[in-house]
Amino acid sequence: MSGPRRIRIIGGGLTGVLAAFEAHRLGWRDITLQERFEALGGVARPKLIHGREMRDGCVYFGGETDPIVQTLSAHGARFETFDNRFGSMSADFAGRRVFTWDFGGPAVDCPAYRVKAPADDSLAARLAAYPPEIAATLEDYVRWHLGADPALVHGDAVIPMAINRVFPAAADLTALAQAKVTDPWTDELYAIPRALSGRTANLVASLPEGGFAKLFDGLHAALVKLGVKVELNALVPPRQLLAETTADETIVWAANPTPLFKPMGLATPALVKKSFFTYVFEVEAFDGPCPVYVQNFTAQGATFRAYLYESGGAKLVVAECVREADLKTLPGELRTLLSGFGAATLGPMIHADAQPRWIYHSLEAIAGLKSLRAELAARFGDRFIPGAWEPYAKAAKLAEVNAALARARDLAAPAVAKAG
Ligand SMILES: Cc1cc2nc3c(=O)[nH]c(=O)nc-3n(C[C@H](O)[C@H](O)[C@H](O)COP(=O)(O)OP(=O)(O)OC[C@H]3O[C@@H](n4cnc5c(N)ncnc54)[C@H](O)[C@@H]3O)c2cc1C
């Protein structure tokens, strides 16, 4: 038998867990999943306090047709669907608040919506594709949110920052709707909130029944049942891994790639260094929908998103903040943000945290990852699978890793018995 018969997956977040299920589906039987911490889940696994999840933000799944939901459900996970309710708060040019519903991007009080295609891949060029009034509003927001120069950040950062589409609130919406159909860049850069565009069907999202910790513990058990060796508290040093891996092993690096640069002889690129602060409050009363989230595009205060959810029988709200918040003014900020959906009475703050998020890439990081991929491919071919490092969305990560696993499976044949 020839080809890589073993597969080793580094990183027990959602990407690594899904890769393990897919490797099994494709026919691998000698599968090891290594996670440096004491449980699976990565960034999607919140801390538990008195049975309640202290979430850092809203990680949602899609409805029943979401491929991730389908895969995880096939392995025993249970999801609860709900009407996905979300909105945003922006400021108009007089500083008045503007709320949107069923649209999580910024509303800019501007009639113009012309575009020019971005000149390059930078966030600065992406913003410059808008008319100057909109570009200036977005740039203020980016500097407040990220504290980074948009010229150094990759344009894809618009997705985690939720500014991938702008609602030009003073525009002729009929003409805009028409332009969105005929011009791809207009469609890419602008949105019309659903209710205003005549679309009324509910948007369905889902969350794991009983929370994320229960989800990942159940998935851990399901992997073990399939024969996957799940190793926890197993920090894999990249240098050793790259030196010791043999031709009969496929590797999936479903973890932060930064430590791979040096052992591969490459300079580590400059990253967008930014920590976000999160504060969880009990919610004593809220007369709006749950779960719900509201983005803040006013570039005022500390909170860029308020996410209200239910966990352990209680309603909680997390403030995701661009900086350390003033705890005296934070409850007021949260009430204002949520006021577009309902009146909130907040209880005590029960958790605070600060974490960097590896979801905003510098231009240098994207270029560096390209070189890293090329070096890894030159040295290991298809048997080294990058864990979809660049995309933010889970669905895009899944598609990329699954395609690479399929290529590696072909390389592994006949050592890996082809499934299906
Ligand atoms: C607050 C927040 C909200 C988000 N919301 C969404 C959303 O709604 N929709 C969406 O599609 N995406 C969302 N994302 C993006 C999110 O990154 C992905 O959805 C997904 O959870 C990422 O999973 P991952 O496995 O790729 O990465 P991670 O969850 O980061 O997992 C990597 C794992 O590798 C482990 N590890 C690292 N180094 C090593 C090592 N050397 N050896 C062993 N183990 C190692 C880590 O401990 C970790 O468990 C959100 C992200 C954040 C932070």
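Quick note: the coordinates plus some simple rules give every number you see, no bench work behind them. Source: prediction; values computed, not measured. Note: ideal-geometry Cβ built from the backbone for every residue, glycine included; neighbour counts use all protein chains shown.
Descriptive notes on the structure:
- Phi-derived couplings, Karplus 6.51 cos²θ - 1.76 cosθ + 1.60 at θ = phi - 60°, listed residue by residue for region 276-293: 10, 9, 10, 9, 9, 10, 6, 10, 6, 7, 8, 9, x, x, 9, x, 7, 9 Hz, with x used for Gly and Pro.
- Summed side-chain charge close to Pro348 - residues other than Pro348 whose Cβ falls under 15 Å, Lys, Arg +1, Asp, Glu -1: +2
- For region 328-335, 3J(HN,Hα) per residue [Karplus equation, 6.51 cos²θ - 1.76 cosθ + 1.60, θ = phi - 60°, Hz, x = Gly/Pro]: 6, 9, 4, x, x, 4, 5, 4
- Principal-axis tilt of helix 14-26 within the chain, Cα atoms, nearest 10 degrees: 40
- Members of Lys180/Lys274; Lys214/Lys397; Lys229/Lys394 lying beyond 30 Å, as alpha-carbon distances in this model show: Lys180/Lys274
- Placing dummy labels 7 Å off each Cα toward the beta-carbon, the span from Gln178 to Arg407 is 4.5 nm.
- By other beta-carbon atoms within 10 Å, ranking His154, His361 with the fewest at the front produces His154, His361.
- For Ser362, the amide hydrogen comes within under 5 Å of the amide hydrogens of His154, Val272, counting only partners 5 or more places away or on other chains and with H modelled in the peptide plane.
- Efficiency of FRET between His50 and Arg29 - r from beta-carbon atoms, R0 30 angstrom, step 0.05: 0.15
- Theoretical gain in end-to-end length, Leu203 to Ala285 [0.36 nm per residue, Cα-Cα removed]: 27.0 nm
- Summarising the label geometry, the points placed 7 Å from Cα in the beta-carbon direction at Leu152 and Arg114 lie 3.3 nm from one another.
- All Cα pairs of region 1-86, percent lying beyond 15 Å: 68
- Once the convex hull of all Cα atoms in the chain is built, its volume per residue stands at 148 Å³.
- Amide H contacts under 5 Å for Glu231, placed H, 5+ residues apart: Leu33, Gln34, Glu35
- When you count the other C-beta atoms within 10 angstrom of each residue and take the mean per peptide, 299-307, 396-404 line up highest first as 299-307, 396-404.
- 222 nm mean residue ellipticity, helices alone, for the chain (DSSP H n ≥ 4; -39,500 (n - 2.57); rounded to 500): -9000 deg cm²/dmol
- Whole-Hz ³J(HN,Hα) from phi, Karplus 6.51 cos²θ - 1.76 cosθ + 1.60, for region 66-81, glycine and proline x: 5, x, 5, 4, 5, 5, 5, 5, 4, 10, x, 6, 10, 10, 10, 8
- Pairs of alpha carbons in region 275-356 whose separation is greater than 18 Å (percent): 32
- The modelled label-to-label distance between Asp121 and Lys262, using points 7 Å beyond Cα along the C-beta direction, is 2.5 nm.
- Each Lys or Arg adds one and each Asp or Glu takes one away; over the other residues whose Cβ falls under 13 Å from the Cβ of Arg357, this sums to 0.
- Packing-based ranking, highest mean first, of 29-35, 70-76 given that Cβ atoms within 10 Å are counted: 29-35, 70-76
- Taking amide H as placed 1.01 Å from N in the peptide plane, His351 has its amide H under 5 Å from the amide H of Val280, each at least 5 places away in sequence or on another chain.
- For region 264-307, diffusion coefficient by Stokes-Einstein and Kirkwood Rh (Cα), 37 °C, 0.692 mPa s, µm²/s: 229
- Prolate/oblate/rounded call for region 43-143, Cα gyration tensor, a/c under 1.5 rounded: prolate
- Anisotropy class of region 85-197 from Cα gyration tensor, a/c 1.5 cut: oblate
- Cross-link reach list, aspartates and glutamates versus Lys315, counting only Cα pairs under 20 Å and skipping chain neighbours closer than eight places: Glu53, Asp56, Glu80, Asp83, Glu209, Glu282, Glu284, Asp287, Glu333, Asp353
- Within region 322-336, backbone nitrogen closer than 12 Å to the virtual label 7 Å beyond the Cα of Arg97 toward Cβ: 332-336
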